[in-house]
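Inspection log for the structure reproduced underneath, given as structure tokens.
The values are calculated or read from the model by the stated rules, or taken from the named source; none is laboratory data. Because the structure is a prediction, the values reported are computed rather than measured. Because the Cβ atoms are built from the backbone with ideal geometry, glycine has one as well, and the counts that use them run over all protein chains shown.
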């Protein structure tokens with residue numbers, strides 16, 4: 001016997017779980033409210049639940065809250081790189097590879113901080129260690145260009161191979177280009 005989908009009922013269950021301090025409930029309710037997935041979008045409430053999930057150590061929610069501040073979207077009221085960095089730092093501390101990658105970009109691009117290629121390198125390295133292909137690719141670029149570290153084409157190739165094996169098509173394409181040179 002099947003059941004029918006009821007987004008409003010699902011949101012009620014997720015919200016109840018969030019009220020009981022279950023980070024996954026907060027994260028699911030936040031996603032539904034931010035995206036309007038089956039319910040009316042409510043960005044401020046969705047953002048509040050996203051932050052609560054982060055406070056409850058849901059690493060993905062910390063990264064998503066950082067992205068909201070980086071872009072001034074999904075309930076964040078403006079672009080605020082200082083707030084974004086704080087959320088990315090927590091996500092990375094919680095071993096979220098995408099959070100470490102985004103933190104690396106904060107330092108590489110100088111978003112709210114001075115450009116710090118060594119900090120970018122360190123965070124991309126952590127990201128790659130957590131199997132995030134974007135982190136491995138950025139680390140490979142730093143090695144290939146000799147930025148923040150001495151140029152090392154072999155290290156760049158190995159990192160692109162890892163990123164490719166993790167599913168990054170751009171890494172696979174860049175690896176082919178480097179191997180033809």
Residue list for the stretch 112-132, restricted to those being at pLDDT 95 or above, touching a helix residue (DSSP H, G or I) at 6+ places or on another chain (Cβ under 6 Å) and over 25 Å from residue 164 (Cβ atoms): 116, 119
Filter result (at pLDDT 95 or above, surrounded by 17 or more Cβ atoms within 10 Å (Cβ to Cβ), more than 20 Å from the chain's Cα centre (by Cα) and farther than 14 Å from residue 177 by Cα) within the stretch 140-163: 143
Boolean, residue 157 is without any contact (Cβ under 8 Å) to a residue 60 or more places away in the chain, within 25 Å of residue 58 (Cα to Cα) and part of a helix (DSSP H, G or I): no
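Farther than 21 Å from residue 57 by Cβ, under 20 Å from the mean Cα position of the chain (by Cα) and surrounded by fewer than 18 Cβ atoms within 10 Å (Cβ to Cβ): which single residue out of 170, 114 fits that description?
Testing whether each residue is farther than 21 Å from residue 57 by Cβ, under 20 Å from the mean Cα position of the chain (by Cα) and surrounded by fewer than 18 Cβ atoms within 10 Å (Cβ to Cβ) leaves just 170.
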Given (1) under 15 Å from the mean Cα position of the chain (by Cα); (2) in a helix (DSSP H, G or I), number of the condition residue 95 does not satisfy: (2)
Search result, residues across the stretch 67-83 that are touching a helix residue (DSSP H, G or I) at 6+ places or on another chain (Cβ under 6 Å) and farther than 17 Å from residue 135 by Cβ: 69, 74, 75, 76, 80, 83
